[in-house]
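*Asks:* So that we are looking at the same thing, I have put the structure below in structure tokens.
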Amino acid sequence: MLLPDDPAALARLLEAAATKFASLPLSAVAEDTLLETVETLERTHRRLDGVDAAVLVEVSDRAVYRKAGYLSVHQYLAQGLRLGDGAARRRRVSAAGIGRFT
């Protein structure tokens, strides 16, 4: 499968895959397949944590949140993306642990 190089296009593919995955019945899936699935999802989750951190660092460094009408990354995460204050703080701390804000 040829994947696009555009980050927004890749994000849309991830969203579509997650939506499709959420609609699949898992009760009939064989146990070996279920184990493979959960292991693959965990690897994917870890990779996406790194991607999320890299994107958040870029959003912060370039002050892209201002284009969306917010005064800070925290405000953008908490209000713009509707994460709430606690989740926004955790996301920023996690990103700082993985990436490097400039």
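The values are calculated or read from the model by the stated rules, or taken from the named source; none is laboratory data. Owing to the predicted nature of the structure, the values given are computational and were not obtained by experimental measurement. Every residue, glycine as well, gets a Cβ built from its backbone with ideal geometry; the counts of neighbours run over all protein chains shown.
*Asks:* Is it true that Glu15 is loosely packed, with under 10 Cβ neighbours inside 10 Å, of a type outside the set (Phe, Trp, Tyr) and modelled with pLDDT of 95 or more? Spell out the reasoning first.
*Replies:* Values: loosely packed, with under 10 Cβ neighbours inside 10 Å: no; of a type outside the set (Phe, Trp, Tyr): yes; modelled with pLDDT of 95 or more: yes.
No.
Conditions tested, residue by residue: (1) over 16 Å from the mean Cα position of the chain (by Cα); (2) under 19 Å from Ala11 (Cβ atoms); (3) free of Cβ contacts under 8 Å to residues at least 60 places away in the same chain.
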position	(1), (2), (3)
Asp32	yes, no, yes
Glu42	no, no, yes
Leu56	no, yes, yes
Val64	yes, yes, yes
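*Asks:* Then there's this: Are there any pairs with C-beta distances below 8 angstrom linking a residue in region 1-28 that is farther than 21 Å from Val51 by Cα and in contact (Cβ under 8 Å) with a residue 12 or more places away in the chain to a residue that is surrounded by 10 or more Cβ atoms within 10 Å (Cβ to Cβ) and of a type in the set (Gly, Ala, Ser), with the two at least 6 apart or on different chains, and if so which?
*Replies:* none
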